[in-house]
Amino acid sequence: MTRLMLKLEEWPAIDQAAWASAVTEGDILDGYGPAAHWRPRTRKTNIRHYGHWLAWLEREGRLDHTASPHSRVTPEQVKAYHQDLATRVSQVTTCSTLVGLKEMIRMMAPQAEWRWLKDVCNALTRTAQPSRNKAARIMLTDEIIAAVAQEFERLGPLPLTRRRDRTAVRDALILGLMAYRPLRQANFSALALGQTLRPSTAGWMIDIPGEETKTGAPITFSLPDEVEPWLTLYLDRVRPIFAERADTRSNALWLGYRGAPLTAHGLYYRVLDVTRRLLGRELNPHLLRDCAATSIAINASDQVHLAAVALSHSNFRTTERHYIRAGGLNASRQITAALSAVRNRTDQED
């Protein structure tokens, strides 16, 4: 069977040893490995990227188990690997896979010169195009919130005796809170009552410690006033019914109808479902972050750093891409409005 990825325990012994050295957590005398500071999620992602590289070498008959990891990463081999990826996955995925290889080999062989590989990855990053037109799928936050508010107007008076109505309350709250406070999916799905979501004298607060975030920086947000009655409806009339069916009690904010906490994977599909139902299109959690950034860019173009704070971006260039997209979106809407005005005047003259 063709393998697309080698697990860490399947790597050649020399690669496993190089990785172990890279993540060694020593002290000021022994020294630290160059990747010792990587967070668990970063390690997991890049281990997967490196596993894809080794699996490709194996499929092509190029995997020498006695060769050092850095001796395999040559311009010729990387070029061939890139050509293979380009036939199977999108440009963006190809780029991220090669960036992952670059980061891993830099940590596993820090003594080697990797300027050429950095240049290759930088060039791919500049030119990679998503396989789908993301800009065409963007919705502004006020449009999303209007749909959520309308859904709560429908659900509020109902007795909520049907499971479909209770899950509709939960899913509408997920969408409304995600639109207003676009956390990364892992943090959003892990919100816990009394811990990362808690009441205060100023209202409900999201408070996530740095060790649980991607960037290592803590996240603190208050909930908008509009969300609080929606949250109250869920906490008072929906979540307790879900919780009653569970074998063990959980303080997870998001529960399935059987009482078990929603996983990040499960929440992803709930977001797809509720956006399809309320907005007429599927938006995933990451795209909702793009929607929030674009909305801020359009409505507060003179306060560009708001988007960086709202999305917890550690690199401002990530935020800046949303402002570029917002400029095009805003311009296209202004052109449409101008054309409509011209058409209306023509109709009136006729």
Given the options THR125, THR161, name the one that is out of contact with any strand residue (DSSP E or B) (no Cβ under 9 Å at 6 or more places or on another chain), farther than 30 Å from ASP236 by Cβ and hydroxyl-bearing (Ser, Thr, Tyr). THR125
Kindly list the number of the only condition in (1) part of a helix (DSSP H, G or I); (2) surrounded by 13 or more Cβ atoms within 10 Å (Cβ to Cβ); (3) assigned by TED's automatic domain parsing to the domain that holds LYS44 that fails for GLU76. (2)
For the stretch 250-265, the count of residues that are under 18 Å from the mean Cα position of the chain (by Cα) and free of Cβ contacts under 8 Å to residues at least 24 places away in the same chain equals 1
Condition (residue is modelled with pLDDT under 95, in a loop (DSSP other than H, G, I, E, B), touching a Pro at 6+ places or on another chain (Cβ under 9 Å) and over 28 Å from ARG162 (Cβ atoms)) applied to the stretch 225-241: is it met by at least one residue? no
Hey, PRO209 assigned by TED's automatic domain parsing to the domain that holds TYR257 and without any contact (Cβ under 8 Å) to a residue 24 or more places away in the chain or not: yes
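The values are calculated or read from the model by the stated rules, or taken from the named source; none is laboratory data. All values reported here derive from a predicted model rather than from experimental measurement. Note that each Cβ is placed from the backbone with ideal geometry, even for glycine, and that neighbours are counted across all protein chains shown.
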